[in-house]
Amino acid sequence: MQRRKKRNLEMSLMGHVKELRKVLLISLYAIAIGTVIGYIFSDYVYGFLAEPVTGMAGVSFITTTPMEPIMVKLQISVVTGIIIALPVVLWQIWSFILPGLKKNERKYLYYIVASSFILFIAGAAFAYYLVLPVCLKFLLLAGGGAVDSTPFVTKSSYLKFILTFMGTFGAVFQLPVVLLFLMRTGHLSPKTLAKFRKWAFFAIIILTVVVSPTPDLLTQLLMAGPIYMLYELSIWLGYLITRKKKELQPSEAEEGGGQNQ
């Protein structure tokens with residue numbers, strides 16, 4: 001009997017390993033195909049990312065090594081491939097995780113993944129369209145009046161800079177997802193968040209100083225402002241969630257009483 005249980009456990013474990021292997025292989029194939037597509041359009045992608053710099057007068061791109069252009073092209077191809085393959089990768093991850101979750105847990109997972117993806121895109125777009133043009137002018141042209149100079153930017157350093165810049169903003173825009181999840185699971189309440197507004201403001205300032213992609217005060221302020229607005233939005237959404245939860249509780253209790261009768 002114990003041998004049979006052990007065999008079933010081993011088969012179950014091997015089944016999970018095979019499913020995980022399948023998920024990884026399909027995800028890698030999707031990223032590989034996306035990378036090939038990304039390589040074809042890499043020049044257009046880099047042109048789009050470089051617009052904040054190419055639109056500035058007196059700033060030029062340079063390459064400092066023979067390998068730099070092709071390496072930048074390959075890096076853009078991989079990043080573009082991951083973005084193209086992201087729906088497939090997420091679907092594979094969901095298909096692996098969902099069978100082990102309850103119905104209500106699956107519902108939360110759908111909301112978390114969808115809202116997290118949307119907020120990440122919103123944060124990256126906010127950084128690219130609103131923050132980056134202002135910060136680049138400040139960073140590249142600050143002090144230009146003291147000593148005449150021509151700013152030159154290498155293609156590889158700019159790619160690393162802008163990916164870090166947009167990625168950081170996309171990451172910090174996940175704050176509402178974290179706070180709403182904690183409120184929905186009962187670990188936090190909107191009243192608590194509202195009570196500690198002042199402390200949250202100081203914590204956000206410290207956070208932006210630590211995670212800001214550039215050390216200048218302007219970028220940190222442009223990051224801290226939207227994060228605090230998202231904090232306030234989380235409080236408002238938290239009140240809506242708790243109110244809806246209270247409204248659903250009596251109806252659930254009535255259903256339970258009717259079934260008992």
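Any residue that is at pLDDT 90 or above, out of contact with any Lys or Arg (no Cβ under 8 Å at 6 or more places or on another chain) and among the β-branched types (Val, Ile, Thr) - is there at least one of those in segment 174-196? No, because not a single residue in segment 174-196 is at pLDDT 90 or above, out of contact with any Lys or Arg (no Cβ under 8 Å at 6 or more places or on another chain) and among the β-branched types (Val, Ile, Thr).
Every test in (1) within 18 Å of Gly47 (Cβ to Cβ); (2) free of Cβ contacts under 8 Å to residues at least 24 places away in the same chain is passed by Tyr128 save one, and that test is (2).
Do we have Glu19 as acidic (Asp, Glu) and either surrounded by 14 or more Cβ atoms within 10 Å (Cβ to Cβ) or at pLDDT 75 or above (or both) here? Working first, answer last.
Values: acidic (Asp, Glu): yes; either surrounded by 14 or more Cβ atoms within 10 Å (Cβ to Cβ) or at pLDDT 75 or above (or both): yes.
For Glu19, the condition - acidic (Asp, Glu) and either surrounded by 14 or more Cβ atoms within 10 Å (Cβ to Cβ) or at pLDDT 75 or above (or both) - is met.
In segment 159-211, which residue that is within 15 Å of the chain's Cα centre (by Cα) and of a type in the set (S, T, N, Q) is surrounded by the fewest Cβ atoms within 10 Å (Cβ to Cβ)? Residue satisfying both the conditions and the ranking: Thr164. For Ala32, indicate whether it is more than 21 Å from Met166 (Cβ to Cβ) and modelled with pLDDT of 85 or more. Yes: the conditions hold for Ala32.
Within the set Phe120, Phe138, the sole residue that is touching a helix residue (DSSP H, G or I) at 6+ places or on another chain (Cβ under 9 Å) and at pLDDT 85 or above turns out to be Phe120.
For (1) touching a residue at least 40 places away in the same chain (Cβ under 8 Å); (2) assigned to a helix (DSSP H, G or I), each residue gets a yes or a no:
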residue: Pro52; (1), (2): yes, yes
residue: Phe61; (1), (2): yes, no
residue: Ile93; (1), (2): yes, yes
residue: Leu98; (1), (2): no, yes
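Cβ separations smaller than 6 Å between residues 6+ apart or across chains give no pair from segment 185-201 residues that are farther than 28 Å from Leu109 by Cβ and touching a residue at least 40 places away in the same chain (Cβ under 8 Å) to residues that are part of a loop (DSSP other than H, G, I, E, B) and among the charged types (D, E, K, R).
The values are calculated or read from the model by the stated rules, or taken from the named source; none is laboratory data. Just so it is clear, the structure is predicted and the values come from calculations on it, not from any experiment. In this analysis, Cβ positions are derived from the backbone assuming ideal geometry, glycine residues included, and neighbour counts consider all displayed protein chains.
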